[in-house]
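The values are calculated or read from the model by the stated rules, or taken from the named source; none is laboratory data. These figures come from a predicted structure and were not determined experimentally. Neighbour counts are summed over all protein chains in view; Cβ atoms, including those assigned to glycine, are modelled from backbone coordinates with ideal geometry. These accessible areas exclude ligands, DNA and RNA; they are computed on the full protein's heavy atoms, side chains included. Shrake-Rupley method; radii C 1.70, N 1.55, O 1.52, S 1.80 Å.
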Amino acid sequence: MKSRTRTLVLAGTCAALVATLVAAGPAPAAPVASAATAGAAPKAASVRGGGTVHYPYVPASHDIRFTVDAESVPWSRPLPGLEQGLPTDARGRVTVYHAQPEENVTAVAEAEVDCLVTGGRTATVTAVVTTSNVPGWEGRRIGLSVQDGERGAPDRVGFSWGIANVDPKPDGSPAQATVGTCMAPAPFTEVTKGGFKVTPAALAPRP
């Protein structure tokens, strides 16, 4: 059977790519005030790990995974009108993998992280796709959210395509909206294999 590629976008329909985000990193950072009092530099926020997720809108045979290795690097990405960058600037890599065995299709995308923000055990990451075998994905920003489960609760992942981020056209038909930096839906899928580590940190002060 000939191998084919298929769009990972799920605008208006539920047949898509989901994957595994990665997280596995250091323990949660101490509050900035405490770190400053102790004379230590505040820890950087990070998300590290990888996992398979359960996505109810594809057959159970599908293998959907995300891997993430993202670290906050505040004020490092200057933009026109934002010469100092943003406190949520970040670096790292995201990989999205979606195998569809019945159709002999495996879709893969790799992306460069540009934004990371944390809130407790939850993080939002965005990344711009650098390579993919899915037409139309290169150059596209994708958004992911990760929840680091506690007390036996599963980790969770959300992603900006599929069930979210639909912007109706004037005629009412659905269109996929662009994703801004650090924009992603709530972590709506459950991680069934693997896991993530979210290391939170307060937003960095202005340089």
- Query: Consider Gly85 against the criteria (1) at pLDDT 90 or above; (2) open to solvent by less than 10 Å² (accessible area, probe 1.4 Å); (3) at negative phi: it satisfies all of them except one. Which criterion is unmet?
  - Reply: (3)
- When the residues of region 26-64 are filtered to those that are open to solvent by 20 Å² or more (accessible area, probe 1.4 Å) and polar (S, T, N, Q), which remaining residue is modelled with the lowest pLDDT? Thr37
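Please pick out the residue among Gly162, Gly158, Gly194, Gly143 that is in contact (Cβ under 8 Å) with a residue 40 or more places away in the chain, open to solvent by less than 30 Å² (accessible area, probe 1.4 Å) and either part of a strand (DSSP E or B) or in contact with a His (Cβ under 7 Å, 6 or more places away or on another chain) (or both).
That would be Gly143, the only listed residue that is in contact (Cβ under 8 Å) with a residue 40 or more places away in the chain, open to solvent by less than 30 Å² (accessible area, probe 1.4 Å) and either part of a strand (DSSP E or B) or in contact with a His (Cβ under 7 Å, 6 or more places away or on another chain) (or both).
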- Query: If we scan region 108-116, do we find a residue that is modelled with pLDDT of 95 or more, open to solvent by less than 60 Å² (accessible area, probe 1.4 Å) and either at positive phi or in a loop (DSSP other than H, G, I, E, B) (or both)?
  - Reply: no
- From (1) at pLDDT 95 or above; (2) open to solvent by less than 50 Å² (accessible area, probe 1.4 Å), pick out the condition that doesn't hold for Ala175. (1)
- Look at Ala90 and say whether it is under 19 Å from Ala111 (Cα atoms), hydrophobic (A, V, I, L, M, F, W, C) and either buried (at least 21 other Cβ atoms within 10 Å of the Cβ) or touching a Ser or Thr at 6+ places or on another chain (Cβ under 6 Å) (or both). yes
- Cβ pairs under 9 Å, 6+ apart or interchain, first in region 60-78 and without any contact (Cβ under 8 Å) to a residue 24 or more places away in the chain and hydroxyl-bearing (Ser, Thr, Tyr), second open to solvent by 50 Å² or more (accessible area, probe 1.4 Å) and outside any loop (DSSP other than H, G, I, E, B), ordered by first then second residue, are Ser76/Arg91
